[in-house]
Protein chains: 2
Amino acid sequence: MSTLLAQLRDGLPAEAVVTDPDVMAAYAHDMAGFCPAGDSAAVVLPRTVEQVQHVMRTATALRVPVVPQGARTGLSGGANASDGCIVLSLLRMDRILEIDPVERIAVVEPGVVNARLSRAANEHGLFYPPDPSSWEECTIGGNIGTASGGLCCVKYGVTAEYVLGLEVVLADGRLMSTGRRTAKGVAGYDLTRLLVGSEGSLGIVVQATLALRPEPPAQLALAAEFPSMAAAGDAVCRIMERGHTPSLLEIMDRTTLRAVNKLTRMGLPESTEALVLAAFDTPEPAADLAAVGDLCTAAGATEVVPAEDRAESEMLLQARRMALVALEKVTGTTLIDDVCVPRGQLAPMLDGAAAIGEKYGLTVGVCAHAGDGNTHPIVCFDPKDEDEARRARESFDEIMALGIELGGTITGEHGVGVLKKEWLARELGPVALELQRGIKQVFDPHGLLNPGKIF
Amino acid sequence: MSTLLAQLRDGLPAEAVVTDPDVMAAYAHDMAGFCPAGDSAAVVLPRTVEQVQHVMRTATALRVPVVPQGARTGLSGGANASDGCIVLSLLRMDRILEIDPVERIAVVEPGVVNARLSRAANEHGLFYPPDPSSWEECTIGGNIGTASGGLCCVKYGVTAEYVLGLEVVLADGRLMSTGRRTAKGVAGYDLTRLLVGSEGSLGIVVQATLALRPEPPAQLALAAEFPSMAAAGDAVCRIMERGHTPSLLEIMDRTTLRAVNKLTRMGLPESTEALVLAAFDTPEPAADLAAVGDLCTAAGATEVVPAEDRAESEMLLQARRMALVALEKVTGTTLIDDVCVPRGQLAPMLDGAAAIGEKYGLTVGVCAHAGDGNTHPIVCFDPKDEDEARRARESFDEIMALGIELGGTITGEHGVGVLKKEWLARELGPVALELQRGIKQVFDPHGLLNPGKIF
């Protein structure tokens with residue numbers, strides 16, 4: 001082990017190599033439950049591309065696994081340390097190198113926090129759409145690793161759609177450029193897109209060129225109450241079928257509304273089975289909201305309440321953003337699922353998840369980025385109660401099985417990590433899995449990059 | 001050879017295996033100049049997935065190369081036959097299997113013609129944006145193979161952004177599914193995106209799930225005349241910098257305008273150095289056009305002419321669509337380049353391309369999807385004049401070199417094929433090239449899929 005530390009320190013400033021056990025423990029895992037984390041040999045915090053190359057050269061020379069990390073806000077254990085590994089934290093590579101309003105691009109290092117980039121883009125009249133719930137903490141590098149989504153995806157898509165080019169340090173320390181800084185480009189296979197969502201298993205992203213958009217008007221929202229999930233799901237389908245493009249289209253069930261009320265005293269309606277939130281960032285949002293409100297009423301909404309102003313809109317969105325934290329307070333711990341289904345299957349998926357919770361005697365709060373079919377059933381449990389923990393894991397798996405059965409995917413935006421790797425094979429099938437493993441082998445022949453994740 | 005034909009016929013209907021030399025000659029090449037084409041052993045035209053699997057199993061068993069083809073409207077020789085190969089034409093797999101307005105997807109076979117899908121989507125109030133100039137002939141399979149663009153890309157992006165999932169027959173005949181039919185999904189590496197633009201070198205796409213959008217209002221256009229390419233390029237930068245999102249933003253130079261006039265008698269202005277066309281498909285296009293017109297005037301436009309109505313708009317766009325055909329009439333043959341540069345480099349790129357033409361004593365017409373920096377310098381030459389053909393090839397290469405020098409890519413939307421494969425290495429560099437070849441090896445260990453293309 002001392003050989004490893006000595007060689008790491010040979011190309012890194014002293015403060016970049018951390019071996020304090022308490023600090024290492026803090027870097028051992030992300031925010032996912034049920035995911036084992038090992039004891040790393042060291043945490044390294046490089047500031048330059050050359051330092052990352054040194055780390056990877058050392059790792060390859062000594063055959064030591066490397067676990068790349070952003071802010072560890074991930075929800076699948078993808079950033080968890082393994083025994084004896086180097087934890088490679090990119091947090092200190094946090095410079096915004098360029099924002100160009102003519103090309104509509106930003107060039108950033110991986111440790112830049114999502115919210116910081118968003119605000120910097122705003123200063124130029126530009127907009128970086130991807131907005132995971134953890135946007136005030138999570139990093140662009142982590143977003144790229146997990147192909148993160150957020151509330152905006154129904155209109156603006158996921159992180160992958162904003163990554164134009166990457167600088168990547170390979171397992172053996174070589175530096176590779178992918179993609180471009182032009183708006184278009186089809187020269188060769190799309191390695192950029194291959195790397196997005198690869199959870200650090202193919203290379204270390206050390207720089208990214210991102211597409212920005214013109215900043216839209218602030219969004220205006222409405223809330224609609226439904227007597228059943230079936231009616232709420234029907235409303236979502238009607239909204240999308242009629243050609244509306246809301247900037248946000250969410251569903252929360254009663255369990256979630258109660259939990260949010262308990263935490264925030266927001267006074268959300270607790271007598272409703274499902275609350276739909278819709279928002280538009282168009283030039284005339286009130287007109288769009290009126291049309292959507294009518295569709296909600298036609299689908300059976302008992303109440304449609306448009307926000308009076310931006311402030312009231314923001315409060316509604318805040319309620320949605322608090323859902324996970326609020327449900328965590330119910331029993332202390334949650335397991336958040338991330339099943340994405342066709343929009344037409346939203347109601348069976350969400351009703352099914354709640355029913356699975358009942359079957360196992362657990363609280364399952366259900367919310368969803370309904371506009372894109374990405375549901376987040378949240379299983380609440382007490383981790384100290386062994387039987388409850390077992391039931392939580394079983395219900396979590398049963399929810400994924402239901403998602404696949406309904407034509408969906410096990411992960412819409414959180415990634416596979418450790419949490420769902422047994423499920424990946426089931427979704428992909430043996431042929432695609434074999435090819436994915438083949439690609440991994442091309443990039444990382446010694447299997448050093450984030451081993452034990454995804455596959 | 002007779003073994004090959006016998007084995008092919010063993011799993012295919014008689015009419016699906018063509019060995020008539022005249023027919024085979026017609027299937028030998030796409031629309032690119034300067035690209036060698038060989039003599040195939042047979043042209044096969046399967047109608048089912050099982051038949052494609054049979055072709056690939058036979059090819060693998062006998063180690064015969066396979067060249068997949070759509071409508072052969074490609075411009076890089078990517079569909080050209082090689083000696084002794086099986087030409088695998090997907091033209092007869094042309095069913096639109098599903099259009100779903102709630103999920104906003106279409107499921108199609110590869111031989112569906114782009115315009116047919118576009119019209120079918122329109123019937124459901126939906127819109128399939130990618131619109132290559134050849135959209136009335138080219139197929140979705142070909143569009144996926146080359147990651148085609150079109151006039152719409154400045155607002156709607158390229159084909160890649162509309163491919164959600166694929167069914168693919170691998171080199172050995174196995175069938176693989178990639179991607180999803182949900183709006184989001186991050187389960188494993190993005191093989192869908194890897195296959196898009198891979199020019200048939202990784203597998204045979206036999207079915208695609210495509211994203212559709214709500215149909216926008218018909219677009220309204222304006223034309224602005226500029227005294228120099230520099231002023232026109234400046235106008236494009238100002239338009240993008242101010243946050244406008246036109247549905248089309250094109251530039252044509254005087255050479256192109258003259259050629260189009262000669263062909264169509266459209267009466268486009270021939271005294272101007274550069275004509276900019278801008279269009280909006282927003283709810284209030286006239287207001288957007290007025291703002292863009294002001295920016296053009298500020299950048300030095302001598303004349304700004306908004307179209308009076310949709311019909312006049314359509315005529316302007318038609319002028320742009322005729323550019324390649326019109327320039328072909330100049331000398332009989334053209335070589336069309338496809339260099340995409342940062343928007344800020346449009347004027348140096350376009351002026352530079354014209355200057356290269358002058359240097360080599362050739363007509364080079366210049367047009368560009370200016371909004372996304374994708375330029376199409378079109379080198380006109382007489383292929384029967386050996387010296388002129390040599391000068392055409394040299395000027396074509398010099399244009400690509402200029403594009404790379406200006407921070408661009410050798411191909412924005414036409415692909416690499418045979419025409420640019422020597423240039424790919426130059427753009428990618430040795431490390432990325434090695435990984436791309438490694439991926440090819442994983443998918444196609446015997447090198448049977450479209451050999452000699454891309455690399």
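The values are calculated or read from the model by the stated rules, or taken from the named source; none is laboratory data. Keep in mind that what you see is a predicted model, and the values were worked out from it rather than measured. No Cβ is skipped: glycine too gets one built from the backbone with ideal geometry, and neighbour counts run over all protein chains shown. In case anyone asks, the SASA skips ligands and DNA or RNA and just uses the protein heavy atoms, side chains included. Shrake-Rupley method; radii C 1.70, N 1.55, O 1.52, S 1.80 Å.
Data overview
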item: Residue count for region A:68-100, restricted to those that are free of Cβ contacts under 8 Å to residues at least 60 places away in the same chain and either part of a strand (DSSP E or B) or within 14 Å of chain B (Cβ to nearest Cβ) (or both); result: 3
item: Sole residue being over 21 Å from B:P445 (Cβ atoms) and within 7 Å of chain A (Cβ to nearest Cβ), chosen from B:G150, B:G185; result: B:G185
item: Which listed residue is within 14 Å of another protein chain (Cβ to nearest Cβ) and not small (G, A, S), from A:D288, A:D294; result: A:D288
item: Residue in region B:204-215 that is charged (D, E, K, R) and either closer than 30 Å to B:A298 by Cβ or in contact with an Asp or Glu (Cβ under 7 Å, 6 or more places away or on another chain) (or both) present; result: no
item: Among residues of region B:426-455, those that are touching a residue at least 24 places away in the same chain (Cβ under 8 Å) and not in a loop (DSSP other than H, G, I, E, B), counted; result: 4
item: B:G361 being modelled with pLDDT of 95 or more, assigned to a loop (DSSP other than H, G, I, E, B) and at the interface with chain A (Cβ under 8 Å from one of its Cβ atoms); result: no
item: Answer from A:G344, A:G407, A:G403 - the residue that is within 14 Å of chain B (Cβ to nearest Cβ), surrounded by fewer than 24 Cβ atoms within 10 Å (Cβ to Cβ), in a helix (DSSP H, G or I) and in contact (Cβ under 8 Å) with a residue 60 or more places away in the chain; result: A:G344
item: Scope region B:410-423; condition at the interface with chain A (Cβ under 9 Å from one of its Cβ atoms) and more than 17 Å from the chain's Cα centre (by Cα); matching residues; result: B:W423
item: Selection count, region B:407-426, where residues are touching a Gly at 6+ places or on another chain (Cβ under 8 Å) and under 20 Å from A:E103 (Cα atoms); result: 6
item: Candidate set: region B:193-211, residues that are open to solvent by less than 10 Å² (accessible area, probe 1.4 Å) and of a type in the set (S, T, N, Q); chosen: the one farthest from B:L449 (Cα to Cα); result: B:S198
item: Qualifying residue in region A:120-143 (condition: within 10 Å of another protein chain (Cβ to nearest Cβ) and closer than 23 Å to A:N80 by Cα); result: no
item: Single residue of region A:427-455 satisfying the filter (more than 10 Å from chain B (Cβ to nearest Cβ) and surrounded by fewer than 16 Cβ atoms within 10 Å (Cβ to Cβ)) that is nearest to the chain's Cα centre (by Cα); result: A:G447
item: Region A:171-181, subset open to solvent by less than 30 Å² (accessible area, probe 1.4 Å) and in contact with a Leu (Cβ under 8 Å, 6 or more places away or on another chain), residue farthest from the other protein chains (Cβ to nearest Cβ); result: A:A171
item: A:S118 touching an Asp or Glu at 6+ places or on another chain (Cβ under 9 Å), surrounded by fewer than 23 Cβ atoms within 10 Å (Cβ to Cβ) and small (G, A, S); result: yes
item: Positions within region B:200-228 being among the acidic types (D, E) and at the interface with chain A (Cβ under 9 Å from one of its Cβ atoms), in sequence order; result: B:E215
item: Failed item in (1) out of contact with any Ser or Thr (no Cβ under 7 Å at 6 or more places or on another chain); (2) within 27 Å of A:L191 (Cβ to Cβ); (3) open to solvent by less than 20 Å² (accessible area, probe 1.4 Å), with A:I144 passing the rest; result: (1)
item: Close pairs (9 angstrom Cβ cut-off, 6 or more residues apart or separate chains): part of a strand (DSSP E or B) in region A:233-255, of a type in the set (K, R) anywhere; result: A:L248/A:K155; A:L248/A:R320; A:L249/A:K155; A:E250/A:R320; A:M252/A:R320
item: Residue identified as among the aliphatic types (A, V, I, L, M), farther than 25 Å from A:G38 by Cα and in the same structural domain as A:G344 (by TED's automatic domain parsing) among A:A389, A:A401; result: A:A401
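Residue by residue, here is whether (1) open to solvent by less than 10 Å² (accessible area, probe 1.4 Å); (2) in contact with a helix residue (DSSP H, G or I) (Cβ under 6 Å, 6 or more places away or on another chain); (3) more than 30 Å from A:K440 (Cβ to Cβ) holds:
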site: A:R213; (1), (2), (3): no, no, yes
site: A:L220; (1), (2), (3): no, yes, yes
site: A:A232; (1), (2), (3): yes, no, yes
site: A:C237; (1), (2), (3): no, yes, yes
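Let's see how each residue does on (1) farther than 12 Å from A:A221 by Cα; (2) surrounded by fewer than 19 Cβ atoms within 10 Å (Cβ to Cβ):
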{"position": "A:L289", "(1), (2)": "no, no"}
{"position": "A:V305", "(1), (2)": "no, yes"}
{"position": "A:S313", "(1), (2)": "no, no"}
{"position": "A:A323", "(1), (2)": "yes, no"}
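Yes/no per residue for (1) more than 30 Å from A:M400 (Cβ to Cβ); (2) in contact with an Asp or Glu (Cβ under 6 Å, 6 or more places away or on another chain):
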| site | (1), (2) |
| --- | --- |
| B:N114 | yes, no |
| B:F127 | yes, yes |
| B:G173 | yes, no |
| B:G188 | no, no |
| B:L191 | no, no |
